[in-house]
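Let me begin by presenting the structure, written as structure tokens, before commenting on it.
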Amino acid sequence: MALTSYSELKTTIANYLNRTDLTTPIEDFITLTESKLNRVLRLRAMQKRVSTDTTTNDAFVDLPNDFLETVQFYVDSDPNTVLDYVNPTEIELDNLRETSGKPQQYTIMGSEFKLNPIPDSVYTLKLTYFGKIPALSDSNTTNFLLSNYPQVYLYGALVEAQPYIMNDERLTTWISLYNEAVQLIIRDDEQGRYSGRTAFAMKTDSANP
């Protein structure tokens with residue numbers, strides 16, 4: 001059958017497991033698979049850009065709800081100021097000086113960025129980051145990953161089913177197929193990210209013998 005939507009994915013997983021009594025657990029298997037994929041994948045399709053303003057005399061700015069990892073973070077000014085990441089201990093020590101001004105550094109504390117120096121005015125921050133894979137649900141029936149790589153969802157969910165159903169002799173095969181799917185996704189993304197560089201270099205070389 002087709003494997004292009006959340007409902008079709010759940011049906012296919014049930015068919016592979018040969019079980020009709022796992023409606024709710026299968027949803028959990030899919031959620032666990034997404035959690036695992038959010039830890040290992042950093043794809044172009046996961047990159048997002050947001051803009052936010054600081055508050056004067058407030059060092060903290062909320063992280064995006066789906067934040068995974070920073071790609072680039074800077075103050076939108078003339079000239080732009082790229083913010084350097086420092087660990088929380090270092091930024092806490094720096095802020096003990098009670099300095100204020102245009103932010104130069106940031107760290108992550110819980111669900112917030114902390115800036116240093118503390119903003120002395122309103123500054124516009126531009127953030128490029130890796131966001132979580134949009135979670136599948138009855139209201140969000142597909143996403144870029146299911147559309148392009150349904151096998152990673154299928155085999156990932158089958159692997160996650162094992163602690164629940166126990167002792168399926170196909171587990172080794174499913175783990176192998178899941179790992180293969182993850183590597184395929186990473187390879188395709190890397191090829192797409194750097195495609196055209198070789199052709200451009202060859203063209204440049206031929207023009208300058």
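The values are calculated or read from the model by the stated rules, or taken from the named source; none is laboratory data. Owing to the predicted nature of the structure, the values given are computational and were not obtained by experimental measurement. Don't worry about glycine lacking a Cβ; one is built from the backbone with ideal geometry, like all the others, and counts go over all protein chains shown. Please note that ligands, DNA and RNA were not included when accessible areas were found on the heavy atoms of the full protein model with its side chains. Shrake-Rupley method; radii C 1.70, N 1.55, O 1.52, S 1.80 Å.
Taking the Cα atoms only, what angle lies between the long axis of helix 23-40 and the longest principal axis of the chain, rounded to 10 degrees?
40
Per-residue HN-Hα couplings for segment 66-72, Karplus 6.51 cos²θ - 1.76 cosθ + 1.60 at θ = phi - 60°, whole Hz, x for Gly and Pro?
9, 5, 10, 7, 6, 9, 8
Per 0.36 nm of contour for each residue apart, how much would the distance between Ser139 and Val82 grow if the chain were fully extended, relative to their Cα-Cα spacing?
Working: separation 57, 0.36 × 57 = 20.52 nm, distance 3.80 nm.
Computed gain between Ser139 and Val82 is 16.7 nm.
Tell me, in nm to one decimal, what length is gained between Ser35 and Thr20 on full extension, where the rule is 0.36 nm per residue of separation less the Cα-Cα distance? Before the final figure, lay out the partial values.
Details: separation 15, 0.36 × 15 = 5.40 nm, distance 2.45 nm.
Extending this stretch completely gives an extra 2.9 nm.
Calculate for the chain the 222 nm mean residue ellipticity that helices alone would give, adding -39,500 (n - 2.57) per DSSP H run of length 4 or more and normalising by residue count, nearest 500 deg cm²/dmol.
Numbers: 8 runs with 93 residues, N = 209.
Result for the chain: -13500 deg cm²/dmol, rounded to the nearest 500.
Could you give the nm distance between label points at Thr52 and Ser111, where each point is 7 Å from its Cα heading toward the beta carbon?
1.1
At 7 Å along Cα-to-Cβ for each site, give me the label-to-label distance between Ser7 and Thr70 in nm.
So the label points at Ser7 and Thr70 sit 4.4 nm apart.
With charges only on Cβ, +1 for K and R and -1 for D and E, what is the dipole size of the chain about its Cα centre, in debye, rounded to 20? Provide the component values of the computation, followed by the final result.
Values: 18 positive and 28 negative charges, 143 e Å.
For the chain, the charge dipole is close to 680 debye.
With percent of Cα pairs over 29 Å apart defined as stated, name the option among (1) 30; (2) 35; (3) 47 computed from the structure displayed.
(3)
Hey, which lysines would be in cross-link range of Lys126, C-alpha to C-alpha under 19 Å, not counting anything within fewer than 8 residues on its own chain?
The qualifying lysines are Lys48, Lys102, Lys114.
Sticking to Cα atoms, compute the Rg of segment 1-73 to one decimal and its Dmax as the biggest Cα-Cα distance, whole number, in Å.
In Å, with Rg to one decimal and Dmax whole: 18.7, 60.
For Lys10, go through the lysines and keep the ones whose alpha-carbon is under 16 Å away, minus same-chain ones fewer than eight residues off.
Cross-link targets: none qualify.
Hey, with R₀ at 41 Å, roughly what FRET efficiency would Val122 and Arg187 work out to, going by the Cβ-Cβ distance, to 0.05? Spell out each step's value before the answer.
Values: r = 44 Å, r/R0 = 1.07.
Computed FRET efficiency for Val122 and Arg187: 0.40.
Tell me the accessible surface of Glu27 in square angstrom (1.4 angstrom probe, heavy atoms of protein chains only), to the nearest ten.
Accessible area, nearest 10 Å²: 50 Å².
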